[in-house]
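The values are calculated or read from the model by the stated rules, or taken from the named source; none is laboratory data. No experiment lies behind these values; they were computed from the predicted model shown. Cβ coordinates were reconstructed from backbone atoms using ideal geometry, including for glycine residues, and neighbour counts include every protein chain displayed.
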Amino acid sequence: MFWSIIAANKRKTVLLIAAMGLFLVLLGAAIGVFVAGDYHPYAGFAGAGIAALVWAVMLLASLYASDSVLLSISNAHQVDRDTYPQLYNLVEEMVIAGSLPAMPKVYVVDDPAPNAFAMGKSPKDSHICVTAGLLAVCGRDELQGVVAHELGHIMNRDLLYMTVAATMLGSMLLISDVFLRSFRYSTMRYTSRSRRSSGKGAVVILIVSLVLAILAPILARILYFSISRKREYLADATSARLTRYPEGLASALEKIGGSTEKLVAARSVTAPFYIVNPTKQSLHDSVFATHPPLSARIKVLRSMAGGAGYLDYMKAYIQVTRKRQALIPAADLKGAGKVEIRAANAAGPAAGLTAAESRRRAGDIMRAVNKFAFVTCQCGLEIKLPPEYAGDTVSCPRCKRVHSVIRPGAKATGAVLSASAAMNASAAVRPESVAQDYSGPGHAGVQQEKLNPGKWQTITCHACGRPYEISPSFGSRKLVCSGCGSLILFSPASEAVHHKRG
Amino acid sequence: MAAGTVVIIVLAGIIVFGLLYVVATYNSLVGLRNQLKNAWSQIEVQLKRRHDLIPNLVETTRGYAAHERQTFDAVTSARARAAGAKSMSEISSAESELTGVLSRFMAVMENYPELKANQNFLALQEELTSTENKIAFARQAYNDQVLFLNNKIQMFPSNVVAGMFNFRPAEYFELEDKAQAAVPKVSF
């Protein structure tokens with residue numbers, strides 16, 4: 001835990017809120033005096049009062065509603081253990097590793113570009129979002145590195161400041177937008193109807209909107225400057241320490257940086273939240289960058305030879321960036337013990353995917369998150385049905401076979417894509433339906449399946465392991481496995497039927 | 001003021017401070033012990049989860065590799081021993097053995113490519129990997145807590161209070177993978 005970093009983040013948040021309040025009150029007072037100063041001696045105070053009210057609303061919004069607003073403009077969908085067990089597991093692992101007081105909510109962002117971000121004001125109430133593109137291209141270790149990085153932001157309270165700042169900035173942009181619109185509307189009205197315009201009101205609105213329009217980008221710049229760029233390095237250090245495997249994050253960053261997909265959901269307001277800046281993929285350092293250059297971050301992680309602890313990260317950081325100033329305050333390093341680097345886990349499923357493949361997988365992940373039903377036809381076609389699809393059966397557009405539709409949720413779908421394989425995790429474990437004889441595929445291919453009328457049934461093709469959910473209305477006596485072409489025959493209850501390889 | 005009063009006041013002050021110190025130390029010792037219990041229950045949850053996963057894993061894989069009888073038996077008996085372990089040293093040796101047996105089991109199952117297409121198996125594999133990770137992380141947290149508590153119990157002056165109220169140093173939870181530690185024998 002970086003106590004001094006946490007304290008600095010809290011201090012900065014208070015400072016930002018105060019500065020914003022002061023600025024708004026002064027602006028309000030100036031407007032008040034300008035508009036009505038001639039008639040009312042207290043117009044300045046009234047303006048200041050209104051501005052203070054605006055400020056209070058903004059503050060409340062940023063403290064209580066910001067998460068949901070920022071999540072919804074980022075197109076994030078909440079997932080649970082059943083929708084994406086691996087992601088959920090990884091978050092749980094890191095929560096245990098970092099001893100967080102509560103489990104963050106987990107979201108998947110509907111976007112093929114690989115990226116991730118976290119939100120939340122305190123570790124007790126936090127959110128972690130990854131894009132579908134990230135899930136598609138990253139293996140287990142890489143995903144773990146990214147999740148741990150985001151958890152690092154949560155633990156260091158980086159997000160408190162960023163959330164408040166982004167909401168303040170966002171509402172400022174909104175106000176300026178409203179003013180500009182109202183100005184356009186009022187000029188239209190004034191020019192079309194009559195010339196008896198008071199003039200002054202329109203001018204004030206114009207000035208205010210222009211001031212805000214000019215100020216907002218400048219404020220955005222200041223905001224970006226004030227967000228410490230060290231925070232990304234610090235979150236990387238936390239990630240290495242929690243996962244004890246720096247290479248995972250390094251290789252994930254490489255994949256994120258190397259992707260040519262552009263993140264659609266990212267706005268300039270939300271840009272600082274992401275693990276890699278989604279708006280500008282600059283390899284070089286720049287004064288205006290919200291993130292340190294990716295190449296340096298990867299290099300630091302790869303130079304951690306001795307161990308995965310904070311001290312090792314510090315050493316690597318100094319070696320790579322040649323900066324003298326300490327990354328981690330000495331007070332926070334007290335008692336930072338030695339942490340060994342662990343061995344790699346089994347590589348994830350996604351190795352050497354082409355761009356088209358990864359985009360397709362990202363799309364399938366998103367469909368699964370959005371509760372699409374997946375039906376694999378015997379002819380090899382995978383039919384993806386949106387949740388709005390009302391019918392219980394669907395006929396294959398290629399071969400016209402009729403399938404029953406198994407809705408995701410309580411029941412796991414039969415054949416699912418490999419990326420969302422683990423979605424079946426808990427629901428799919430039904431050992432009793434794995435054939436009763438343990439002869440296996442090598443032994444003459446005898447597979448006996450009894451059909452229980454009126455009941456759901458899980459069967460697995462012995463030749464290739466593809467699982468099927470047999471619906472109560474399943475009428476046929478045979479099934480051709482779409483994975484390997486084997487024929488599986490069904491006997492109603494007692495009747496024994498053998499099956500031969502098709 | 002007489003010298004006697006001064007002495008009495010000083011003595012009373014020392015006694016009051018001493019009592020306050022004892023109360024504070026006792027409370028922090030109890031707090032540490034409770035945190036330790038909490039950390040231990042985290043480990044137990046994960047160990048239990050691993051025990052629950054094993055029968056499913058065996059059932060799912062048996063259809064594919066029925067003749068790997070020894071491997072299945074090894075896993076099942078290691079699980080039974082781990083589930084029956086009571087004391088800390090028993091648990092830690094039985095669970096280390098289970099970790100080793102399981103990693104060998106998964107290595108054997110790598111030889112069956114049909115399994116990699118089985119969704120149940122893939123899901124169970126992910127659950128197992130995650131549970132092993134959670135055990136490792138929970139163990140780290142637990143051992144950190146043990147270090148805090150033991151330091152407090154053994155260091156002066158808190159050791160006096162610990163002795164008065166009979167606090168005992170806690171045991172570390174070690175999981176050594178004996179299979180990995182042993183040098184593999186190669187014979188031609």
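Scanning region A:42-64 finds no residues that are in contact with a Phe, Trp or Tyr (Cβ under 8 Å, 6 or more places away or on another chain), surrounded by 15 or more Cβ atoms within 10 Å (Cβ to Cβ) and at pLDDT below 85.
When A:331, A:326 are checked against the criterion of being assigned to a loop (DSSP other than H, G, I, E, B) and at pLDDT below 70, A:326 stands alone in meeting it.
Among the residues of region A:78-85, at least one is assigned to a helix (DSSP H, G or I) and not acidic (Asp, Glu).
If you go through region A:86-106 and keep only what is assigned to a strand (DSSP E or B) and either in contact with a helix residue (DSSP H, G or I) (Cβ under 6 Å, 6 or more places away or on another chain) or closer than 11 Å to residue B:137 by Cβ (or both), you end up with just A:106.
Hey, any hits in region A:91-114 for a residue that's surrounded by fewer than 19 Cβ atoms within 10 Å (Cβ to Cβ) and among the β-branched types (Val, Ile, Thr)? No, the conditions are met nowhere in region A:91-114.
Checking the condition under 30 Å from residue A:461 (Cβ atoms) and in contact with a Ser or Thr (Cβ under 9 Å, 6 or more places away or on another chain), which residue from B:65, B:39 passes? Even if it seems obvious, please write down each step before you answer.
Details: B:39 fails: under 30 Å from residue A:461 (Cβ atoms).
Among B:65, B:39, only B:65 is under 30 Å from residue A:461 (Cβ atoms) and in contact with a Ser or Thr (Cβ under 9 Å, 6 or more places away or on another chain).
Restricting attention to region B:59-71 and to residues that are part of a helix (DSSP H, G or I) and in contact with a helix residue (DSSP H, G or I) (Cβ under 6 Å, 6 or more places away or on another chain), the residue that is nearest to the other protein chains (Cβ to nearest Cβ) turns out to be B:59.
Output the residue which, of all residues in region B:131-173 that are over 30 Å from residue B:54 (Cβ atoms) and of a type in the set (D, E, K, R), is farthest from the other protein chains (Cβ to nearest Cβ). Can you show your working first?
Step one: list which residues in region B:131-173 are over 30 Å from residue B:54 (Cβ atoms), which gives B:147-169.
Narrowing further to those that are of a type in the set (D, E, K, R): B:152, B:168.
Details: B:152: 14, B:168: 24 Å.
Here the residue is B:168.
Does any residue of region B:20-38 turn out to be surrounded by fewer than 19 Cβ atoms within 10 Å (Cβ to Cβ) and of a type in the set (Phe, Trp, Tyr)? Yes, that holds for at least one residue.
Taking the stated definitions as given, is residue A:161 of a type in the set (Phe, Trp, Tyr) and surrounded by fewer than 23 Cβ atoms within 10 Å (Cβ to Cβ)?
Details: of a type in the set (Phe, Trp, Tyr): yes; surrounded by fewer than 23 Cβ atoms within 10 Å (Cβ to Cβ): no.
It is false that residue A:161 is of a type in the set (Phe, Trp, Tyr) and surrounded by fewer than 23 Cβ atoms within 10 Å (Cβ to Cβ).
Can you tell me which residue within region B:107-124, out of those that are in contact (Cβ under 8 Å) with a residue 24 or more places away in the chain and at the interface with chain A (Cβ under 8 Å from one of its Cβ atoms), is farthest from residue A:461 (Cα to Cα)? Among residues in region B:107-124 that are in contact (Cβ under 8 Å) with a residue 24 or more places away in the chain and at the interface with chain A (Cβ under 8 Å from one of its Cβ atoms), the one farthest from residue A:461 (Cα to Cα) is B:124.
Taking the conditions exactly as written (in a helix (DSSP H, G or I), farther than 30 Å from residue A:107 by Cβ and at pLDDT below 75), does residue A:35 satisfy them or not? Give the derivation first.
Working: in a helix (DSSP H, G or I): yes; farther than 30 Å from residue A:107 by Cβ: yes; at pLDDT below 75: yes.
The answer is yes for residue A:35.
In the condition set (1) in contact (Cβ under 8 Å) with a residue 60 or more places away in the chain; (2) within 25 Å of residue B:172 (Cα to Cα), residue B:53 is compliant with all but (2). Residues in region A:112-145 that are among the polar types (S, T, N, Q) and outside any helix (DSSP H, G or I) were compared, and the one that is farthest from the other protein chains (Cβ to nearest Cβ) is A:115. Taking the criterion of being touching a residue at least 60 places away in the same chain (Cβ under 8 Å) and over 10 Å from the mean Cα position of the chain (by Cα), the residues of region B:132-143 that qualify are B:132, B:134.
Inspect region B:84-97 for any residue being surrounded by 14 or more Cβ atoms within 10 Å (Cβ to Cβ), more than 14 Å from chain A (Cβ to nearest Cβ), charged (D, E, K, R) and in contact (Cβ under 8 Å) with a residue 60 or more places away in the chain and give the result as yes or no. Yes; the residues of region B:84-97 include at least one that is surrounded by 14 or more Cβ atoms within 10 Å (Cβ to Cβ), more than 14 Å from chain A (Cβ to nearest Cβ), charged (D, E, K, R) and in contact (Cβ under 8 Å) with a residue 60 or more places away in the chain. Regarding region A:96-107, can at least one residue be identified that is in contact with an Asp or Glu (Cβ under 8 Å, 6 or more places away or on another chain), within 14 Å of another protein chain (Cβ to nearest Cβ) and among the polar types (S, T, N, Q)? No, there is no match, as no residue in region A:96-107 is in contact with an Asp or Glu (Cβ under 8 Å, 6 or more places away or on another chain), within 14 Å of another protein chain (Cβ to nearest Cβ) and among the polar types (S, T, N, Q).
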